[in-house]
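The values are calculated or read from the model by the stated rules, or taken from the named source; none is laboratory data. Predicted model, so just to flag it, every value in this text is computed and none were measured. Positions of Cβ are backbone-derived with ideal geometry, glycine not excepted, and every protein chain shown enters the neighbour counts.
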Amino acid sequence: MTGRYTGSGPPADAGLDGADPHRPTRWRSTRVGSGATQTLIPTTGGAVKLRFLHNPVTDLAEADAFYRDVLGWEEAWREGDDTVAFQIPDSDIQVMLSVDPDPAGPMYEVDDLERYLAETPELTVTTPPRPIPDGAVAGLVDPAGNAWFVFDQHPEE
């Protein structure tokens, strides 16, 4: 499951126009953060949607107060005593604060995490898939060493 893409752009056979039926991976450039850095995110058979910016914290109460009282953001949800998310105003993206040891990075939702990782072996998986409420998450790094995450959600209906 661990792989590594070492190029500076998409592989020559990445099927940028989607016309290559022999390689299902499609590459698109996604601006992350200030927009100064571009990260290539492979997409396979479905949408890869930015949902969260993961910010690790050592003191959740202090971070909670900062985002709520200083920035004026509204709490979107909370999971136990170790994770809280705030809605970024005028955005579909949330900032997720957590006391877990994972590094900061964007979190992308995929339809099926196991399938996504199996279909993109060139990715460098740093944290194997682990359960989260209603799904699973895996940690990865891009060719420049920037952390990012992919997760799926399958709430019981």
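With the requirement that a residue be of a type in the set (D, E, K, R) and more than 13 Å from the chain's Cα centre (by Cα), what does segment 89-110 give you?
ASP90, ASP92, ASP100
Quick check on segment 111-125. Is at least one of its residues of a type in the set (Asp, Glu), outside any helix (DSSP H, G or I), within 13 Å of the chain's Cα centre (by Cα) and at pLDDT 95 or above?
no
Every residue in segment 109-137 that is among the aliphatic types (A, V, I, L, M), in contact with a strand residue (DSSP E or B) (Cβ under 8 Å, 6 or more places away or on another chain) and surrounded by fewer than 16 Cβ atoms within 10 Å (Cβ to Cβ), please.
Of everything in segment 109-137, just one residue is among the aliphatic types (A, V, I, L, M), in contact with a strand residue (DSSP E or B) (Cβ under 8 Å, 6 or more places away or on another chain) and surrounded by fewer than 16 Cβ atoms within 10 Å (Cβ to Cβ), namely ILE132.
Quick check on this structure: which one of GLY139, GLY72 is in a loop (DSSP other than H, G, I, E, B) and either at pLDDT 95 or above or over 17 Å from LYS49 (Cβ atoms) (or both)?
That would be GLY72, the only listed residue that is in a loop (DSSP other than H, G, I, E, B) and either at pLDDT 95 or above or over 17 Å from LYS49 (Cβ atoms) (or both).
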